[in-house]
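The values are calculated or read from the model by the stated rules, or taken from the named source; none is laboratory data. In this text, all values refer to a predicted model and were calculated from it rather than measured experimentally. Cβ coordinates were reconstructed from backbone atoms using ideal geometry, including for glycine residues, and neighbour counts include every protein chain displayed. SASA here: full protein model, heavy atoms, side chains in, ligands and nucleic acids out. Shrake-Rupley method; radii C 1.70, N 1.55, O 1.52, S 1.80 Å.
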Amino acid sequence: MKLVLIVGDSAVGKMTVGQELQKITGLRLFHNHMTIEPVLEIFNDFNVDVILKLRYLIFEEFVKTDNEGMIYTCMWDYDAQEDWDIMNKILGIFEGAQIYCAELTAPLEVRLQRNATENRLRNKASKRDIEASNARLINYASRRFISRDGEIPIQNFIRIDNSNLAANKVAQMIKETFDL
């Protein structure tokens, strides 16, 4: 079993790179909005407890399958203990699996442009109010979504500034780096 984490700030391209990586590896993609969007639709609220319960259930059931592995995308605020706790729980569920982490980075200007792309809006209904989505993205700028050197507790780690790279190119870099 393999787990490829694609982490980074909002609108950095995690889902899009994950989609491309799925195409060339056959690993299953589970992007974070696959649980966020239905919870928002049903509860009309960002109910973190329900979102996390759904994610953990999916992870726990997935590791019981014969699938080769999963690509999981999420934001990771390195200064927030709750994000470390969530990541440690996920890593615990995938104990014994081969774990890989690709951290994507891009400046705010690039992410604001990406925030309104067709693929993003098609897959993430909560981002369709561009003005509100941009405001949330700018608000996140005060949080730390880029790790410090050596901070990630995963041996197989790569950081990629994908500001000027196509998603399929980034996916190929991840595939080659980790020999997926």
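Points worth noting:
- Surface exposure of region 33-180, expressed per residue as accessible area with a 1.4 Å probe, stands at 57 Å².
- All Cα pairs of region 60-130, percent lying beyond 17 Å: 61 percent
- Between TYR56 and ILE158, the simple label model (points 7 Å from Cα in the Cβ direction) yields a spacing of 3.2 nm.
- Taking all Cα pairs closer than 8 Å and separated by 6 or more residues, the relative contact order of the chain comes to 36 percent.
- Measuring with a 1.4 angstrom probe and ignoring ligands and nucleic acids, LYS53 comes out at about 150 Å² accessible.
- Label-to-label distance, ASN88 versus THR65, with points set 7 angstrom from Cα along the beta-carbon direction: 2.8 nm.
- Cα-based reach from LYS64 at 16 Å (exclusive), listing lysines while leaving out same-chain residues under 8 positions away: LYS2
- When the convex hull of its Cα atoms is projected in every direction, mean area for region 117-180 (nm²): 6.1 nm²
- Per-residue surface analysis assigns ASP79 an accessible area of about 100 Å², computed on protein heavy atoms at 1.4 Å probe radius.
- Sulfur and carbon atoms: percent of accessible area, the chain [1.4 Å]: 48 percent
- The chain shape via C-alpha gyration tensor axes, a/c threshold 1.5: rounded
- Computed extension gain for ARG28 through ALA116, at 0.36 nm per residue and net of the alpha carbon distance, reaches 29.2 nm.
- Length-normalised contact order for region 22-84 - Cα pairs under 8 Å, 6+ apart - percent: 45 percent
- Magnitude of the charge dipole, region 22-144, Cβ model with Lys/Arg +1 and Asp/Glu -1, debye to 20: 440 debye
- The slack in the chain from LYS175 to SER126, taken as 0.36 nm per residue of separation less the alpha-carbon distance, amounts to 14.6 nm.
- Placing dummy labels 7 Å off each Cα toward the beta-carbon, the span from GLU41 to GLU109 is 3.7 nm.
- For ILE99, the residues whose amide H sits under 5 Å from its own are LEU3, ignoring neighbours fewer than 5 places away on the same chain, with H placed 1.01 Å from N.
- Sequence-distant residues sharing a close amide H with ILE71 (under 5 Å, placed H): VAL4, ARG28, LEU29, PHE30
- With θ taken as phi - 60° and the Karplus curve 6.51 cos²θ - 1.76 cosθ + 1.60 applied, the whole-hertz 3J(HN,Hα) list for region 4-11 is 10, 8, 10, 10, x, 5, 4, 6 Hz, x standing for glycine and proline.
- Heavy atoms of ILE154: accessible area, 1.4 Å probe, square angstrom to 10: 10 Å²
- Here the scattering of region 1-85 is modelled by Debye summation over its C-alpha atoms, one equal scatterer each and no solvent; at q = 0.17, 0.18, 0.21, 0.23 Å⁻¹ the log10 of I(q)/I(0) is -0.77, -0.86, -1.13, -1.27.
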